[in-house]
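Undergrad: This structure is in structure tokens; I'll ask about it shortly.
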Amino acid sequence: MPCGCATEMRSVRRQGSPHRTVHAIMPAAGAPAHIRARTMPLPQLADYGDGIIAVDTGYCRPGLAAIHLLLENGRVAVVDTGTAHSVDGLMAVLAQQHIDPDHVDYVILTHVHLDHAGGAGELMRRLPQARTVVHPRGVRHLADPSKLLEGVKAVYGADETSRRFGPVVPIPAERIMPAEDRMRLDLGGRELLLLDTPGHARHHLCIHDARSNAFFTGDTFGLSYREFDTARGEFIFPTTTPVQFDPDAMHRSIDRLMQMDPGHMFLTHYGRVGNLDRLAGDLHDCIDAFTAIARQASGTGAHRHRLIREGLQHMLLERLAGHGCHLGLERKLELLDMDIELNAQGLGIWLDSHPLR
Ligand SMILES: [Zn+2]
């Protein structure tokens, strides 16, 4: 059982569209693609109202990575795509929601890390009218993913990269729309404002949705897993994964989002959070604590990496205890381990490029 009460999940259920998994009968081999999409098992969904639905990508574990759908007057935007492994499930959700793939206008990528954008090329093949909207720095990586894949293989190794992310298909350049800072999109009369929000990555944007006064934050507003919700609300911490973590830019981007006084944030990892003043404060504190842990780690290479890992683990467990999380230690570490490893790697890279003088 998750610790405490899952505030966000309760509010979703009140709106009458609970999370659910529907198991359908698989079609015969060789069935046309649209039949396969309609009959494959549906991913877990959360319907938040305001035409916003979160779809679980199934990446690594349930509740880790979401695709968000925005629906307005029959037009649709997809925010982040998950990996190629998520595409069939997303198409099944569109079919279940009676959405014609031709009515998807935008596939907006918060940034081009593969857990967010790896499936974009394959998805674009199935959405013939859509344009991919991405930070200008991300455009060339979508048109030619080879360099991006090289970087990912350096983190995960070649075999794990292809197992984890599946094929990464290029997107024709003419279907990619670079999003300059403050660009506005019209989704069936609904205004979406795109903001340049570096810190986690230099190719990161966040999307403000005027109708719900919420942001889709990708990784800029950190990670918040529903398993860590308690009576105090949500638990949050930043993501400093390789290779472009920039603490000063991350502080500024969080402040920039908060200046618009949003009611909620929708995080790719995972779903809707409120209590934003407290969460923004927690993120600022954690960014400073993470960089202090990195600065204090002595030595180099594997030794230093181990010290950073241990420092992050100790700090996050302490904060979870203060948050009133009563999950067992093993479960907490199971939920945190991948982020601790990636955050430690990203902090190491940041340290090497920002030595103290
Ligand atoms: Zn990322």
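Residue by residue, here is whether (1) touching a strand residue (DSSP E or B) at 6+ places or on another chain (Cβ under 8 Å); (2) within 17 Å of Val107 (Cα to Cα) holds:
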| residue | (1), (2) |
| --- | --- |
| Glu174 | no, yes |
| Leu195 | yes, yes |
| Asp209 | yes, yes |
| Arg226 | yes, no |
| Arg232 | no, no |
| Gln244 | no, no |
| Arg252 | no, no |
| His264 | yes, no |
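Undergrad: For the condition farther than 21 Å from Leu187 by Cα, away from the ligand (no atom under 16 Å from the Cβ), at pLDDT below 95 and surrounded by fewer than 20 Cβ atoms within 10 Å (Cβ to Cβ), what is the one hit in Ala158, Ala143?
TA: Ala158
Undergrad: Something else about it: Looking at region 196-235 only, could you name the residues that are more than 22 Å from Pro62 (Cα to Cα) and within 14 Å of the ligand (Cβ to nearest atom)?
TA: Hits for region 196-235 are Thr197, Pro198, Gly199, His200, Ala201, Arg202, His203, His204, Leu205, Cys206.
Undergrad: Does region 132-139 contain any residue that is closer than 30 Å to Asp229 by Cα and away from the ligand (no atom under 16 Å from the Cβ)?
TA: No, every residue in region 132-139 fails to be closer than 30 Å to Asp229 by Cα and away from the ligand (no atom under 16 Å from the Cβ).
Undergrad: List the number of the failed condition for Ile176; all other conditions in (1) within 16 Å of the ligand (Cβ to nearest atom); (2) over 24 Å from Gly222 (Cα atoms); (3) not small (Gly, Ala, Ser) hold.
TA: (1)
Undergrad: Val87 - would you say it is within 23 Å of Asp47 (Cβ to Cβ), surrounded by 22 or more Cβ atoms within 10 Å (Cβ to Cβ) and at pLDDT 95 or above?
TA: Judged against the criteria, Val87 is a match.
Undergrad: Here is a follow-up. State which residue pairs qualify: first residue at positive phi and inside region 307-335, second residue among the hydroxyl-bearing types (Ser, Thr, Tyr) in any location, beta carbons under 9 Å apart, and separation of 6 or more residues or different chains.
TA: Close Cβ pairs satisfying both conditions: Gly324/Thr230.
Undergrad: Among the residues of region 225-240, which ones are surrounded by fewer than 23 Cβ atoms within 10 Å (Cβ to Cβ) and closer than 30 Å to Gly348 by Cβ?
TA: Across region 225-240, the qualifying residues are Tyr225, Arg226, Glu227.
Undergrad: Give region 259-284 a look and list any residue that's in contact with a Phe, Trp or Tyr (Cβ under 9 Å, 6 or more places away or on another chain) and either within 16 Å of the ligand (Cβ to nearest atom) or more than 24 Å from Gln44 (Cβ to Cβ) (or both), or say none.
TA: Met260, Pro262, Met265, Phe266, Leu267, Thr268, His269, Tyr270, Leu276, Ala280, Asp282, Leu283
The values are calculated or read from the model by the stated rules, or taken from the named source; none is laboratory data. Note that this is a predicted model, so its numbers are computed, not measured. Neighbour counts are summed over all protein chains in view; Cβ atoms, including those assigned to glycine, are modelled from backbone coordinates with ideal geometry.
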